[in-house]
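Take a look at the structure below.
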Amino acid sequence: MGKIISLVNQKGGVGKTTTAINLATYLAAAGKFVLLVDLDPQGNASSGLGIDVMNLEKSLYHSLVMGLHPKEVIFQLDNERHHIMPSNQQLAGAAVELTGVEQREYRLYNLLREIRGDYDFIIIDSPPSLGLLTVYGLVASDEVIIPVQAEYFALEGLGQLLQTIELVRENLQPNLKIGGAVITMFDRRNRLAHGVVKEVRAHFPGHVFDSIIPRTVRLAEAPSFGKSIMNFDALNKGARAYKAFANEVIARNDLPAKS
Ligand SMILES: Nc1ncnc2c1ncn2[C@@H]1O[C@H](COP(=O)(O)OP(=O)(O)OP(=O)(O)O)[C@@H](O)[C@H]1O
Ligand SMILES: [Mg+2]
């Protein structure tokens, strides 16, 4: 059964989508079967991988709201192990359209349950809010990973995020775990950034990934070519960091061989 991981931080522009795209890509490159779920009406994870979001005939919306089988809204990316469930602006109405629908918090959970057997990992990219879409994503997930930008105010809002996770756990999904935080956009020449790393480690003792994602212009350029960093500039330091991060995620999830 595939492990379902949500990337969540209600702060905008902290690297959720960049992390979702590149984590999924390197998991698939490592031989895992991976589905990237774009749960953000901005559709950045979809367009960043070359999908024409303006002209999408089928998207996550059609499965979540219209009830299409999830397989009908899944597209193949680099290879047969690497898939995406794309989204666009249409998803923005989903929460409202589902008003009154019974058990709507479990719609995404149920939909992903139908296909999770086909995957080793399902990675969910969330919008920058703690609204209903993000909550649907959390309910569907086994684990949350929080991308934290190595900048001043990085920890701002984390209390509210952890509280939301706790509420979801108490009321909707008792098995939801915090997988940890991953530090993004780190600039080693910036002394403040080193302080932020220390602070994040103090905040999540033992739960911060060793891989730190550097700030590099190549990571920002890749999506405009519709490519992951692996397909855009595989030797770039950002590429190496995301590959190492994906390997950490694999190592944390691969159970030791049964004796
Ligand atoms: N490590 C990095 N180095 C340089 N630029 C980066 C890096 N990570 C992300 N960016 C750029 O920063 C911007 C925000 O990143 P991204 O879209 O991944 O954040 P986000 O948290 O998904 O944003 P939103 O909250 O709007 O969904 C983008 O333009 C992206 O290309
Ligand atoms: Mg995003």
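The values are calculated or read from the model by the stated rules, or taken from the named source; none is laboratory data. The structure presented is a predicted model; accordingly, all values stated were derived computationally and were not measured. Heads up, the Cβs are rebuilt from the backbone with ideal geometry, glycines too, and the neighbour counts pull from every protein chain shown. Areas reflect the complete protein model, heavy atoms only, side chains present, ligands, DNA and RNA absent. Shrake-Rupley method; radii C 1.70, N 1.55, O 1.52, S 1.80 Å.
Observations
- Residue within segment 74-83 that is of a type in the set (D, E, K, R), crowded, with 16+ Cβ neighbours inside 10 Å, in contact (Cβ under 8 Å) with a residue 60 or more places away in the chain and at negative phi present: yes
- Unique residue being part of a helix (DSSP H, G or I) and within 14 Å of the chain's Cα centre (by Cα) when the list is L112, L108, L133: L133
- The single residue among L36, L49, L68 that is under 18 Å from F225 (Cα atoms) and either surrounded by 21 or more Cβ atoms within 10 Å (Cβ to Cβ) or not charged (D, E, K, R) (or both) turns out to be L49.
- Enumeration of residues in segment 85-118 that are open to solvent by less than 60 Å² (accessible area, probe 1.4 Å) and among the acidic types (D, E): E105
- Looking across segment 150-186 at every residue that is at pLDDT below 95 and over 25 Å from E105 (Cβ atoms), the one that is most open to solvent (accessible area, probe 1.4 Å) is identified as Y152.
- Annotation: of all residues in segment 201-220 being open to solvent by less than 30 Å² (accessible area, probe 1.4 Å) and not in a loop (DSSP other than H, G, I, E, B), the one that is nearest to A234 (Cα to Cα) is L219.
- Residue in segment 188-200 that is crowded, with 19+ Cβ neighbours inside 10 Å and under 17 Å from the mean Cα position of the chain (by Cα) present: no
- Any hit, segment 30-41, residues being of a type outside the set (A, V, I, L, M) and part of a helix (DSSP H, G or I): no
- Single condition Y119 does not satisfy, out of (1) free of Cβ contacts under 8 Å to residues at least 60 places away in the same chain; (2) more than 16 Å from ligand 2 (Cβ to nearest atom): (1)
- Qualifying residue in segment 61-84 (condition: within 16 Å of ligand 2 (Cβ to nearest atom) and part of a helix (DSSP H, G or I)): no
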